[in-house]
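Notes for the one structure printed next.
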Amino acid sequence: MSVDPWAGTQDQAAAEHAHSTHTPPPSQDQEQHPDELCLDSFWSEVETIRQGSGYTDLDCTRRDSRQSEEGEQEEQWLADAGLSNLISEDSEDVDNAVLLSTLTRTQAEAVQRRLDSYTLSLRKRNKPPPRDVRDIFHSPIAQTLLPESQHSEDTAQNSMASVAKTPLSAVTPEHQRGAPKEEFFFTDVAYCEQAVIFLKQAKLPQNNSQRRKEDGTLPRVICPKCRLGVTRIQDLSHADMKKVRQLALIDMTALSDLLELEVKRHKTGKRKIPESTLFGVPLATLLENDQKMKPNTSTPLFMQALLSFLEKKGVDSEGILRVPGSQSRIKLLQQNLETNFYSGQVSWDEVSPNDAAALLKKFIRELPAPLLTAEYLNTFSAVRDITELKQKLHMLNLLILLLPEPNRNTLKALLEFLSKVVSREKRNRMNLWAVATIMAPNLFLHKAVPSRLTEGAEKGQAEKAADVMRLLIRYQDLLWTIPNFLMSQVRKLNENSNRRYQFYDRRIKNLLRKIHTDSRDKPDKNTSEPRRTVKIQVGDLESDTMEFQLNISSRASDLLSQFHRQFLRSPDNGKGKMRRNGSVVYPDCALYEVGGNIGEHCLDPDTHLLDLYNSNPGGEWFIKMKPNASRGL
């Protein structure tokens, strides 16, 4: 039997501990009772956080939070939602109307509630209130947006017809003994409008049944594909993603209001950045430094190296993430990494996987601000209080979109690793519930933000945090997509903004010339089989063009196949990958939609091009080389 260079008496003892206390295969008893070992591990993690990173009673933080002025949260919310002009005395009505015109009725009502709350706080402070949003429309906002929201409601009801009438959470454990059921996840209708329909139909059951914690209780979630394809977060330009975040905040707030969730946001106080190169350094600072060495990186280089090592040496280790490493070795390893990581003088061959896993958790919890951000940490935690699974996923999807890019990419890299750990359960004895229970305190407990995890019924709070964690791990691919309704709202927002800028263009001659050109060159939406010119761009220069005949079945993958046949003269050059539907995907290049009602959009290979042509007739199509894939996207 070979012995690893880092193995010592402590590791042998840890291995024996893991062997004697590891999670046994599921049994009938475990199907009815929580895994006590996992709950013990949860509180062991909490104790480690308290002792190792200075986590103390948060009364001081709570006092600081209560000292913020009334109306400050509403003011910040309006700014984040792109509606700060509503409380500005010198704003133009048209600036507000552009965004407000894209909202559904329920979303608009959420905006109105924040304005009313802000106005009330100003009156309490004897300040003149801002203008009411209803003054902008000269009619009640609910009446202004009623036709569109009614259409959304009807659409939602139609799209829900194919979903099983009994929601997942109404099914008792006794009915879940068989294969996991399937759930349909619709994104064409705003999540808050779907919640309105569920509430009207009394589809939300009481949360009075104890769920099993085994992985089998989570169903397979199916998201029907739109003909415009799936849009992932990394597919949009930064300008469009900014609008996505504004609209996602409004929808998330409207959904929270309907579900009566507390979404009070917190701010972390200013902290002195330690004289460290890795631990305790803000994510944005780490990335800024790392991008000087590797421009396309999206997650800290240190975390990439740590996860890479764990994927090679740790995923098969029994009790990985649960079995503690040697505290003395962990301290020495941290000092070594702080000093030598960027010089490339760190040898990973002698590192224990358990030490590396402990260091990973320490890196996450020693961030100056929570990985899930101080603003949204408690909202993430509150997701467990939602009864309906699909609404939990709705809320998590919106929260992921709201995270800053460094946090979102780092979280994705972490979740991908945790998913690999779960996939090796037969070797490492760590199932989804065990991994979620161990990791939850490291993400949901932070000394800078008040938390309810250590209050009240401890067992219940632990299970709540772990349940949200396992949803993040299990459904991460779904959560990192942009819902179709947000894409539609972004397109409408861009269209309205373009009309606004044209209206205020002082150069009337140029405007008239543009109108004449647009009327002459504008494609005919009713053309049954139009041709489209596609520009081919290599680097920063446009190198060529090609013609492509569109029909009702044309997809982006078909256009890319023609590009490879026409320009590379080798349809079977080994670069294409056959998909289940028979299409070929070329991972080195992609089709982009640019301009019109979108900034820049990398298209899904399954995008139906005739539908895209009619959806954005003013856009151009480019074939570009994909940017180097970076971890975390």
Checklist entry - Would you say Thr253 is in contact (Cβ under 8 Å) with a residue 12 or more places away in the chain, more than 23 Å from Arg114 (Cα to Cα), of a type in the set (Val, Ile, Thr) and crowded, with 20+ Cβ neighbours inside 10 Å? => result no
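Pick from segment 462-484 the residues that are in contact with a Phe, Trp or Tyr (Cβ under 8 Å, 6 or more places away or on another chain) and over 14 Å from Leu414 (Cα atoms): which of them is surrounded by the most Cβ atoms within 10 Å (Cβ to Cβ)?
Of segment 462-484, the ones in contact with a Phe, Trp or Tyr (Cβ under 8 Å, 6 or more places away or on another chain) are 462, 465-466, 468-470, 478, 483.
Right, trim to over 14 Å from Leu414 (Cα atoms) and you get 462, 465-466, 468, 478, 483.
Numbers: Ala462: 24, Ala465: 26, Ala466: 28, Val468: 24, Leu478: 18, Pro483: 26.
Ranking the qualifying residues of segment 462-484, first place goes to Ala466.
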Checklist entry - Taking only pairs six or more apart or across chains, which ones have beta-carbon atoms under 8 Å, a first residue in segment 338-353 that is exposed (fewer than 14 other Cβ atoms within 10 Å of the Cβ), and a second residue that is in a loop (DSSP other than H, G, I, E, B)? => result Asn340/Val346; Asp349/Pro5; Glu350/Pro5; Glu350/Trp6
Checklist outcome for this item: Considering segment 350-407, residues that are among the acidic types (Asp, Glu) and outside any helix (DSSP H, G or I), and then whichever is farthest from Lys181 (Cα to Cα), we arrive at Glu350
Checklist entry - Pairs under 8 Å by beta carbon, first residue not assigned by TED's automatic domain parsing to the domain that holds Asp80 and among the β-branched types (Val, Ile, Thr) in segment 366-377, partner surrounded by 20 or more Cβ atoms within 10 Å (Cβ to Cβ) and assigned to a loop (DSSP other than H, G, I, E, B), six or more apart or different chains? => result Thr373/Leu403
Checklist entry - Can you spot a residue in segment 301-321 that is surrounded by fewer than 20 Cβ atoms within 10 Å (Cβ to Cβ), assigned by TED's automatic domain parsing to the domain that holds Ala434, closer than 30 Å to Val449 by Cα and basic (Lys, Arg)? => result no
Next on the checklist: When you scan segment 210-218, do you find a residue that is in a loop (DSSP other than H, G, I, E, B), of a type outside the set (Gly, Ala, Ser), surrounded by 17 or more Cβ atoms within 10 Å (Cβ to Cβ) and modelled with pLDDT of 85 or more, even just one?
Outcome noted: yes
Checklist entry - Is there any pair linking a residue in segment 548-576 that is surrounded by 11 or more Cβ atoms within 10 Å (Cβ to Cβ) to one that is assigned to a loop (DSSP other than H, G, I, E, B) and modelled with pLDDT of 90 or more, with Cβ under 6 Å and at least six apart or on different chains, and which? => result Arg555/Asp606; Ala556/Leu603; Ala556/Pro605; Ala556/Thr607; Ser557/Pro605
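The values are calculated or read from the model by the stated rules, or taken from the named source; none is laboratory data. Keep in mind it's a predicted model, so treat the numbers as computed, not measured. FYI the Cβ positions are ideal-geometry reconstructions off the backbone, even for glycines, and counts take in every protein chain you see.
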